[in-house]
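The values are calculated or read from the model by the stated rules, or taken from the named source; none is laboratory data. Model, not experiment: these values are computed from the prediction. Cβ coordinates were reconstructed from backbone atoms using ideal geometry, including for glycine residues, and neighbour counts include every protein chain displayed. When the accessible area is computed, the model is the full protein with side chains, heavy atoms only, and any ligands, DNA or RNA have been set aside. Shrake-Rupley method; radii C 1.70, N 1.55, O 1.52, S 1.80 Å.
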Amino acid sequence: MVDVTAAAPPLPAGSAPADLARDVLRNLASVQGVTPERATARDGYQAVVRAVRDRLAQRYARTAAAHDAANPRVVYYLSAEYLLGRQLPQNLLYTGTGDQLAPVLAGLGLSPEQLTDLDAEPGLGNGGLGRLAACLMDALATLDIPALGYGIRYDFGIFRQDFAGGAQVEHPDDWAYDGSPWEFATPELAQEVGFHGWTEPVAGAGDGATARRRWVPGETVRGQASHLLVPGYGTQTVNLVRLWRARAAPGSFDLGPFGAGRYADAAAGIVAAENISRVLYPDDSTEAGRELRLKQYYFLVSCSLRDIVARFRRCNTDWDALPDKVVIQLNDTHPVLAICELMRLLVDRYGLDWHHAWTITRRTFAYTCHTLLPEGLETWPVDLVQRLLPRHMEIIYGINHYFLQEVADRYPGDVDKLRQLSLIQEEPQRRVRMAHLAVVGSDAVNGVARLHSDLLARTTLRGFADLWPARFGNVTNGITPRRFLRLANPRLAELVSDLLGGDGWLTDLDRLAQLADLAGDEAVRRRWREVKHRNKVDLAESLVRTTGVAVDPDALCDVMIKRFHEYKRQLLKVLHVVTLANRIRAGHGGAVVPRTVVFAGKAAPGYWAAKQIIWLINAVAATVNRDPDLSRYLAVAFPPDYNVTRAELIIPAADLSEQISLAGKEASGTGNMKLALNGALTIGTLDGANIEIAQRVGADNFFQFGLDAPGAQAVRDGGYAPWLHYERDPELREAIDALRRGDFTGGDRTGVAPVLDAVLGRDEYLALADYRAYVDCQDAVERAWRDPERWTAMSIRNTAGCGYFSADRTVRDYCRDIWRATPVPVPTGG
Ligand code: NBG
């Protein structure tokens, strides 16, 4: 086991209160080389981070020792994404140093906020999937489960979003430009990763597809490990996220061309190698882009699998014990090549017979699917895989060969079945179906909410669920209450602790259920409202600063914060905003409750329709906010660059949570859980985890509307005609006509036309079919809002019902049903 503390100069770090001051002062002198009088905010930040990190590193050293001694089953989480959020506030809380910080900083003339502002968020992910990975890592450590998360140390994370003329503009996210002080680079922990080349037979091994072979790569890069420490809350366990960074082999810099003035040529090899971990999800609209992305995935998989095998072999000799000591969780399809890589290692390197290797491999992996959208299930062109990873392509054919035999035995003569289930899609282009490979090569397959898991087994992966029903299960997602209630919303956390007589809820979220009884207590409701109001004042101040939009903290705070995608139906929300504006313009302002609508989120850079909707929202926002008749009742704010940090600001202030995806499309959602936990009421469809939220908080405290998944299917099957809704519903017609006239886009009709043509023509996500139900349900929201006592009681019951959505429960479910992992307590230090 690599000792991550080795990378840092050894500083004795204690845990008594005075020790933080002592350590910070020492770090200022010995790490930053400044006297306290000359220390800048950045010096202070570095010195504090180092002092806190040292404490975590010491816990990590003890954790690693305890794990080595126990030789337990370890959970290895393979994920292309981690959205960890800021580290400083969390690590102060988890090390119990937060309270000591203010006096230390005061002595340096600094404030805690100055330090927090310097703490860059590593944006190594896109959205829900990456944040889920971070929440699960937090819960794993909190529950003392031995676990290691593997990922890629991207130089540039998810782009920074800005608006120009209302349109999304993407800037590179150079998150570690000024260094990343939480990170432990351990370059000595490295793996060599091959690409391209050819395969050849091994003497005496036979020559079938499943025989042992040798791969001679044509290109090799090095993966170097870099670590982020993941502490558990209220425990000594510190696990790791191990991120791989691509480097050229030492000596790759070419002095010859450099001497001749050809500087770019001299560094070409280095640049090519390092490009592998350069950016999160390189644009794959070109052949080169597609190859680079597949290279990334294999780079992650190859470094991680070799590392896992080496860790296993330090304490074990019997390969049959691998599935008892190792469980590899595949977070969506990105890391699924890991199945082939383990087969390659076992067969080619360690000489196991194919069937023996397959039995071990299949019992070692588990796969979580996070989508139902067909485009979310990755496939790769066979010729690309063949070229980049020739040995893996042979292994895929080998796996497919035996798998299709099994299918043929089960369904004799059913050629269609073979075609449907094969790992290879034949038409229109030969491609490898990564989800099929994942299911065939895993012991367990799960979806991320009850409905999603059911739909996976009944539709997307139906053929596999028929073959192996026991393999399929559900683990509903969860969120960490430490970050999303305690840290994001300290006022509510304090109130909850006060009402429940302590903060035991932080690790036992079911205790929130006791709040339900207090919803009837007028004094509690007053305090609850007071907290929400102060959070809304904070948000209002931030919105003025970031968007220039002045909002009324007393207005209903209606938030839709998530990635932009047509299935999530931000457009339906726009239609509602325009409907409200039309009502106000028609003189019915008095009937509308004052409302602030907050949108936030990014669209994939190549997703034209989603970007068009972003532009439209900004145009509508500008129109509404500029018109004094409208802005008395309505404000629309769209702060740019949504990320974990911004979510932590908006969520505590939300009154209403928009979860309005077309039923059957959102796998789970986790923002829905964060908002409900913070006392927002949901207006939502029967989709993803919304269904379970409604069950837990009570249908009376949830605004449900619209088609359910079978209903949506029936509408589509029945020859859906969106324009009929337009014709029949005067309010909808007026909303669409006003948009078409350019009334809400400063007279611009060309930008809005394609968006409207799409909904009136095909309306793939049935926005018009759900419009009336949605607007009526919003009217019900307004009626409830007019009664603050009723609303507050509903809000309290939402928080009370969210115990189930703790990531701790999610991890316990995984441990029980899939991972078979048990806690290994870590002793306290000295
Ligand atoms: C997302 C789903 C969400 C879900 C998260 C986490 C992907 C591919 N999927 O509904 O869209 O909450 O995963 O499971 O990012």
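Round to the nearest 0.05 the FRET efficiency obtained for Arg214 and Tyr350 when R0 = 22 Å and r is the Cβ-Cβ distance. Provide the component values of the computation, followed by the final result.
Working: r = 13 Å, r/R0 = 0.61.
In this case the efficiency is close to 0.95.
What is the calculated FRET efficiency for Asp748 to Asp162, with r their C-beta to C-beta distance and R₀ = 30 Å, to the nearest 0.05?
The computed FRET efficiency comes out at 0.90.
Work out the FRET efficiency for Arg772 and Val415 from their Cβ-Cβ distance, taking R0 = 56 Å, and round it to the nearest 0.05.
It comes to 0.75.
Using 0.36 nm per residue of separation minus the Cα-Cα distance, give me the extension gain between Val537 and Arg313 in nm, one decimal.
75.0 nm
Once both labels are modelled 7 Å past Cα along the beta-carbon direction, what's the Phe258-Ile270 spacing in nm?
That separation, rounded to one decimal, is 0.6 nm.
Can you give the helix-only mean residue ellipticity at 222 nm for the chain, where every DSSP H stretch with n ≥ 4 adds -39500 (n - 2.57) and the sum goes over all residues, rounded to the nearest 500 deg cm²/dmol?
-14000 deg cm²/dmol
What percent antiparallel are the DSSP beta bridges of the chain, to the nearest 5?
45 percent
Counting other Cβ atoms within 10 Å, which GluC sites (Glu not before Pro) in region 34-133 have at most 15 and lie in a DSSP loop?
Qualifying residues, ordered by number: none.
With a 1.4 Å probe and every protein chain left in place, tell me how much accessible area His725 has, in Å² to the nearest 10.
60 Å²
So how much slack lies between Arg790 and Val169, counting 0.36 nm per residue of separation and subtracting their Cα-Cα distance, in nm?
Once the chain is fully extended between Arg790 and Val169, it gains 219.3 nm.
Roughly how many nanometres apart are two label points built 7 Å out from the Cα toward the Cβ at Arg430 and Ala470?
Here the modelled spin labels are 3.6 nm apart.
What part of the accessible area of region 98-172, given as a whole %, is carbon or sulfur when the probe is 1.4 angstrom?
55 percent
Each label point is 7 Å from the Cα along the Cα-to-Cβ direction; what then is the distance between the points at Asp737 and His401, in nm?
For the pair Asp737/His401, the computed spacing is 6.8 nm.
In the structure shown, do any of Lys532/Lys573; Lys573/Lys611; Lys417/Lys665; Lys532/Lys665; Lys295/Lys568; Lys295/Lys562 have a Cα-Cα gap over 20 Å, and if so which?
Violating the 20 Å limit, Cα to Cα: Lys532/Lys573; Lys417/Lys665; Lys532/Lys665; Lys295/Lys568; Lys295/Lys562.
With a cut-off of at most 13 other beta carbons within 10 Å, and DSSP calling the residue loop, which trypsin sites (Lys or Arg not before Pro) in region 749-804 qualify? Please list them.
Arg749, Arg762, Arg786
Placing unit charges on C-beta atoms (Lys and Arg positive, Asp and Glu negative, everything else neutral), compute the dipole magnitude of the chain about its Cα centre in debye, rounded to 20.
The dipole of the chain has a size of about 780 debye.
Using a 1.4 angstrom probe and counting only protein chains, how large is the accessible area of Lys573 in Å², to 10?
0 Å²
At 0.36 nm per residue, and after removing the present C-alpha to C-alpha distance, how many nm does the segment from Arg491 to Gln713 gain when stretched out fully?
That works out to 75.6 nm of additional length.
Indicate the gyration tensor shape class of the chain (rounded, prolate or oblate), computed on the Cα atoms with a ≥ b ≥ c the square roots of the eigenvalues: a/c under 1.5 is rounded; otherwise a/b larger than b/c is prolate and the rest oblate. Mind dumping the intermediate values first?
On the way: a/c = 1.59, a/b = 1.21, b/c = 1.32.
Because a/c hits 1.5 or more and a/b fails to exceed b/c, the chain counts as oblate.
Suppose all protein chains stay in the model; what accessible area per residue would a 1.4 Å probe give for the chain, in Å²? Walk me through the numbers on the way to the answer.
Numbers: 30510 Å² over 830 residues.
It amounts to 37 Å² per residue over the chain.
Run the paramagnetic zone check for Ala780: 7 angstrom along Cα to Cβ, then residues of region 680-698 with backbone nitrogen under 12 Å.
682-686
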